[in-house]
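Input: a single structure, listed below in structure tokens.
Throughout, read-outs are computed from the coordinates displayed, never taken from laboratory work. Keep in mind it's a predicted model, so treat the numbers as computed, not measured. Backbone-built Cβ (ideal geometry, glycine too); neighbour counts: all protein chains shown.
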Amino acid sequence: MPRVNAVDRTQVDPSMERAFQGQQKKWGSVLGPYPVYARRPTIFKAVQGMWVALAQSGLIDRRLVALVNRRVAALNGCVF
């Protein structure tokens, strides 16, 4: 199966690198799809914006966000 290569982190916009560093600090590593999203900065920013909007909207209790992340990952066959 063809794979899309991750972006070269030395070539990304500083805001994306900060996001990668934040993921490393919070989760221990950069989350799998984000280096691929970063190949298209508009997609990267849209995905990141979606999670920020959900957090700020109050639609999902902050205590449940981690569980939602894990459930979505499991539904997509992603080892979290």
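Some notes on this structure:
- Nearest-ten-degree value, helix 41-57 long axis tilted from longest Cα axis of the chain: 10 degrees
- Where only C-alpha atoms are counted, convex hull volume of the chain per residue in Å³: 110 Å³
- Spin-label proximity, Ala73 to the range 32-47 - amide N less than 11 Å from point 7 Å beyond Cα toward beta carbon: 32-33
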